[in-house]
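Below is one structure, written out as structure tokens, with a few remarks after it.
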Amino acid sequence: MNFELDAVFIEDSERETALARRIAAAVQDRAPIENVADGRVPARAIAGADSFSAGKRRMVVMRRRTPFVMSCPAGSARFACCGYLVMVLASNCPMDCSYCFLQEFVADNPGFQIYSNFADAFEELERIAHRAPDRHFRIGTGELADSLAFDTMTGLSRELIAYFAEREKLTLELKTKTDEIGNLLDSDPRGRVLVSWTLSPEKVWRTSEHRTAPPAARIDAARRVLEAGYRVAFHFDPVIAYVDAEREYAELLDHLFEVIAPEKIAFFSIGGLRMTPGLRAAARRRWPRDPMLLDEHVLADDGRLRTFTPLRLKLYRIIADRFERAGVKVPGYLCMEAASVHERVFGAAPASPATIGERLARERERF
Amino acid sequence: MLWRRRAGMNGESDLAIHGATPGENIDESVRALACARHLPQPHLDRWLAMNERSRAAFLEIAQTLRLRTGQITAALELLEEISVRDATDCADILAAPEIARIRLHAGSAPARARELIETLRARRFPRLRETSTRLAGAIRELRLPRGISVVLPRELRSDVLTITVEVARVAELDGAIEALAARRAAIARIIEMLGGSE
Ligand code: SF4
């Protein structure tokens, strides 16, 4: 994908790393490259009307100074959680979804950071796997950034795939809204890499998912990686309760199943649009004409604005029922919802986080 | 249209519509009312960002119903959100029959002002309103005896139904348990509706 960059900053100590070299070679004349002593400085918010947007166009290649692997930040005792581990290899994203939580989460450090010492994450993973040798872990890189945006430039996916292809108990999940799969098609994941796409109806894509690939292109990319030996999964998150949502989510699933047989789908997740008041204010400021930010939200007990419960759950059921009616048992889970909601949608109480995570990671045994 | 200044009920400056009005006059009147009501700047900006028809229409209703500061801010926010979501403009929203009726009918200005906010809220949250009404109807249908209440979560923000039983004697407890047991299926249905079943 061809995203705009205003500048690339490379930390002095990282100039000779393979990642920095690859990026510098790929950027060439597209943007000025500047060497800096400390990447945290250009990553900070700069004064201006929309420092978050500006941050997206300032790529910073730097060392990560804190651990790479952590529990998913969405996890909480309130929710039935999926036991996902997050590996932070980048922060911020060149695409610009109006509802994106990064607008609040990285508001103070919006520079698009890519961590050149990413191989340190592998050591952290070794330690985690060593501490629980019987467990399977699902590890994703798509929480604070899209996993594949700029992959053509960074080539990161190749190194990740090479590492995970050798790990029996670790499953990598690359989560994306792009169709940037070039590097995936000529790597062999040995069944240990899962590529997941967030899917929304065309209307949501048009109004709210700026610079992302259209939903049909994402589904087609999924078909291609599936044929190349990857497992695929889909996230219906955020589900937005606009006026035609019931019909259009059902149509989206119909299209998905036309292209990808349901039995080939490793799992799916569902989550409603949820915004803290701070995120909503930031999003409304940046996207004042976006109708998707204005569905019928109420302040829920967790302090987030969510679509009022019966409507939200009705939409979840439409998606879950579509999978159910497909006639194969595709595992599904809800993101950031209480166990009671899980039970209402899937008809059974959720497993414990460790069990869900493990089940999703182990799903490769089904293929 | 022409706008003329007149003394408000409590001595503050107020404005009324009279014939053809250039945009600057509307803005001047909007600013004067905002100043009189100590309207915070972001809300004034929101008002001034409307098209001329909408600015004037809201000015008219704000004056007619003598909206208080909090009501002006709430109405501006609701109008803006409805206009974005429904791709319409504020003047058209305010011209809807249910709002025209509030503007024109007799009754005290404060009562009509409250009704305006309620009407805008209903338009902003139509499905919430419809679902809440349906659920409230189902609760009424239970015809619960005194001492038992079934309460919906506020703004349907969760899927938890609250059932309260007030008893002072064991016999009342037995009666309440019996009453609830007799209504079990209907209450179960309400719980299902809270979870999104039609
Ligand atoms: S693709 Fe994901 S990370 Fe990027 S802007 Fe959209 S929601 Fe945010």
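Reported count of residues in segment A:155-167, each being open to solvent by less than 10 Å² (accessible area, probe 1.4 Å) and either within 13 Å of the ligand (Cβ to nearest atom) or out of contact with any helix residue (DSSP H, G or I) (no Cβ under 6 Å at 6 or more places or on another chain) (or both), is 4. Consider segment A:121-143. How many of its residues are in contact with a strand residue (DSSP E or B) (Cβ under 8 Å, 6 or more places away or on another chain) and of a type in the set (Asp, Glu)? Number of matching residues: 2. Could you please let me know if B:Gly70 is more than 14 Å from chain A (Cβ to nearest Cβ), outside any helix (DSSP H, G or I) and of a type outside the set (A, V, I, L, M, F, W, C)? Taking the combined requirement at face value, the residue does not satisfy it. Within segment A:168-193, the residues that satisfy the criterion of being away from the ligand (no atom under 16 Å from the Cβ), basic (Lys, Arg) and in contact with a strand residue (DSSP E or B) (Cβ under 9 Å, 6 or more places away or on another chain) are A:Lys169, A:Arg192. Being aliphatic (A, V, I, L, M), surrounded by fewer than 16 Cβ atoms within 10 Å (Cβ to Cβ), more than 14 Å from the ligand (Cβ to nearest atom) and away from every other protein chain (no Cβ under 14 Å), is that true of even one residue in segment A:104-121? Yes, the conditions are met somewhere in segment A:104-121.
Within the option set A:Phe346, A:Phe308, being open to solvent by 40 Å² or more (accessible area, probe 1.4 Å), in contact with a strand residue (DSSP E or B) (Cβ under 8 Å, 6 or more places away or on another chain) and either at pLDDT below 95 or at the interface with chain B (Cβ under 10 Å from one of its Cβ atoms) (or both) holds for one residue only, A:Phe346. Residues of segment A:178-199 that are surrounded by 18 or more Cβ atoms within 10 Å (Cβ to Cβ) and closer than 17 Å to A:Ile265 by Cα: A:Pro189, A:Arg192, A:Val193, A:Leu194, A:Val195, A:Ser196, A:Trp197, A:Thr198, A:Leu199. For segment A:142-154, taking the residues that are at negative phi and touching a residue at least 60 places away in the same chain (Cβ under 8 Å), the one that is surrounded by the fewest Cβ atoms within 10 Å (Cβ to Cβ) is identified as A:Thr152. For segment A:195-310, the helices (runs of 4 or more DSSP H) that sit wholly inside it and include 1 or more residues that are of a type in the set (Gly, Ala, Ser) and away from the ligand (no atom under 15 Å from the Cβ) are A:215-227, A:245-259, A:277-286. If you go through segment B:162-186 and keep only what is within 24 Å of B:Ala136 (Cα to Cα) and not in a helix (DSSP H, G or I), you end up with B:Thr162, B:Ile163, B:Thr164, B:Val165, B:Glu166, B:Val167, B:Arg183.
Which residues, taken from segment A:311-322, are facing chain B (nearest Cβ under 7 Å) and touching an Asp or Glu at 6+ places or on another chain (Cβ under 9 Å)? A:Leu311, A:Leu313, A:Lys314 - these are the residues of segment A:311-322 that are facing chain B (nearest Cβ under 7 Å) and touching an Asp or Glu at 6+ places or on another chain (Cβ under 9 Å). For A:Val243, are the conditions met, namely being within 14 Å of chain B (Cβ to nearest Cβ), more than 22 Å from the chain's Cα centre (by Cα) and of a type in the set (A, V, I, L, M, F, W, C)? Yes, satisfied.
Taking the conditions exactly as written (buried (at least 17 other Cβ atoms within 10 Å of the Cβ), modelled with pLDDT of 95 or more, among the aliphatic types (A, V, I, L, M) and more than 11 Å from the ligand (Cβ to nearest atom)), does A:Ile139 satisfy them or not? No; evaluated as a whole, the condition is false for this residue.
Here's the yes/no breakdown for (1) closer than 18 Å to A:Met275 by Cα; (2) out of contact with any His (no Cβ under 7 Å at 6 or more places or on another chain); (3) at pLDDT 95 or above:
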| site | (1), (2), (3) |
| --- | --- |
| A:Met59 | no, yes, yes |
| A:Arg64 | no, yes, yes |
| A:Ala80 | no, no, no |
| A:Tyr84 | no, yes, no |
| A:Leu89 | no, yes, yes |
| A:Leu102 | yes, yes, yes |
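Of the residues A:Asp134, A:Asp50, the single one that is away from every other protein chain (no Cβ under 14 Å), at pLDDT below 90 and within 16 Å of the ligand (Cβ to nearest atom) is A:Asp50.
Among the helices (runs of 4 or more DSSP H) lying completely within segment B:85-160, list those that include at least 2 residues that are of a type in the set (Val, Ile, Thr) and within 14 Å of another protein chain (Cβ to nearest Cβ).
Details: elements: B:90-94, B:97-104, B:109-124, B:126-141.
Counting at least 2 such residues, we get B:126-141.
When A:Ala361, A:Ala281, A:Ala339 are checked against the criterion of being open to solvent by 10 Å² or more (accessible area, probe 1.4 Å), among the hydrophobic types (A, V, I, L, M, F, W, C) and modelled with pLDDT under 95, a single residue qualifies: A:Ala339.
The values are calculated or read from the model by the stated rules, or taken from the named source; none is laboratory data. Everything quoted here is computed from the prediction, not taken from an experiment. Don't worry about glycine lacking a Cβ; one is built from the backbone with ideal geometry, like all the others, and counts go over all protein chains shown. Ligands, DNA and RNA are excluded from the accessible area calculation, which covers all protein heavy atoms including side chains. Shrake-Rupley method; radii C 1.70, N 1.55, O 1.52, S 1.80 Å.
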